[in-house]
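Here's the structure we're looking at; comments come further down.
A short reminder: the numbers here are calculations on the coordinates, not readings from a lab. Please read all numbers here as calculations on a predicted model, not as lab measurements.
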Ligand SMILES: NC(=O)c1ccc[n+]([C@@H]2O[C@H](COP(=O)([O-])OP(=O)(O)OC[C@H]3O[C@@H](n4cnc5c(N)ncnc54)[C@H](O)[C@@H]3O)[C@@H](O)[C@H]2O)c1
């Protein structure tokens, strides 16, 4: 593609762990459409992974969202790198520990619930708060969700609860930040193979079933999810806020097949 849809826009992309990450699909789409990307990574291990395939010109900032202070520090650094202002954020961050994710909602313990909710839901609030301080008008914040927020998808468990909270937070943030001309939306992506998805018990079955429920029998690609994100970051989407946009090739249309 050679359209300069995002020319001049500075976008923070959070959640690239490796080349299979949805956030990497977003970063690639943003760059292809003329945008500038600032990546954030969780810790040194992720930084090492990123250094293997991210070009040296792309700025990278550490941001473990478990702590508000880290988010504040990261966005202060991002402000300097961006020369004062940014135009958008991709929030593609989620986590639940294996026991919490795999042992059924009924066995979820308080600590596991809180950890998953902190990282997967609350972090959209802390990130939006810091991002809004340095966001240009017509800024756009986009988070990643899954239809396990609404349906009881087998084995999605605690992450479904976290995604429901994430989507609700997204709607409230859209109302509050709308006063500042910032749009907030979520992309409900179809199931794709990433590091995060391997934490879901029976993820191969989930991926297979999901693919079989697409309208054309082929899973949505990370590039397609990235293109949806690029659209939501662009000036073409200023009329869309507080919404969940499906990028799943129609999987959400079918209960069974
Ligand atoms: N893979 C799918 O099928 C699918 C479908 C719908 C939605 N999603 C969502 O897409 C988003 C991206 O996930 P992915 O599938 O690309 O997997 P991924 O494993 O590539 O990305 C998850 C990212 O979250 C980051 N992360 C976890 N804890 C963090 C913390 N404390 N601080 C900062 N970053 C942290 C990881 O470092 C990683 O980069 C997630 O919100 C996920 O729930 C994924």
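Here is how the numbers come out for the structure above:
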{"quantity": "Spherically averaged projected area in nm², based on the convex hull that wraps the Cα atoms of the range 1-131", "calculated": "8.8 nm²"}
{"quantity": "Cα-based equivalent ellipsoid of the range 131-194: semi-axis lengths in Å, sorted from largest, via gyration tensor", "calculated": "27, 12, 8"}
{"quantity": "Degrees separating the helix 123-133 axis from the principal Cα axis of the chain, which is the longest one", "calculated": "10 degrees"}
{"quantity": "Relative contact order, percent, the range 94-213 [alpha-carbon distance under 8 Å, six or more residues apart]", "calculated": "30 percent"}
{"quantity": "Equivalent-ellipsoid semi-axes of the range 103-165, from the Cα gyration tensor, Å, largest first", "calculated": "28, 14, 5"}
{"quantity": "Estimated D of the chain in µm² per second, where Rh is the Kirkwood radius over Cα pairs and Stokes-Einstein applies at 20 °C, 1.002 mPa s", "calculated": "118 µm²/s"}
{"quantity": "Histogram of C-alpha separations across the range 149-257, 5 Å bin width, %", "calculated": "2, 12, 19, 22, 20, 13, 8, 3, 1"}
{"quantity": "Over the chain, relative contact order from alpha-carbon pairs under 8 Å, at least 6 apart, %", "calculated": "21 percent"}
{"quantity": "Over the range 179-231, relative contact order from alpha-carbon pairs under 8 Å, at least 6 apart, %", "calculated": "41 percent"}
{"quantity": "C-alpha long axis of helix 203-212 to longest principal axis of the chain, angle in °", "calculated": "80 degrees"}
{"quantity": "Distance from the range 33-97 to the range 197-257 (C-alpha centre basis), Å", "calculated": "24 Å"}
{"quantity": "Degrees separating the helix 22-32 axis from the principal Cα axis of the chain, which is the longest one", "calculated": "40 degrees"}
{"quantity": "Per-residue [θ]222 nm for the chain (sum of -39500 (n - 2.57) over DSSP H runs n ≥ 4, rounded to 500)", "calculated": "-12000 deg cm²/dmol"}
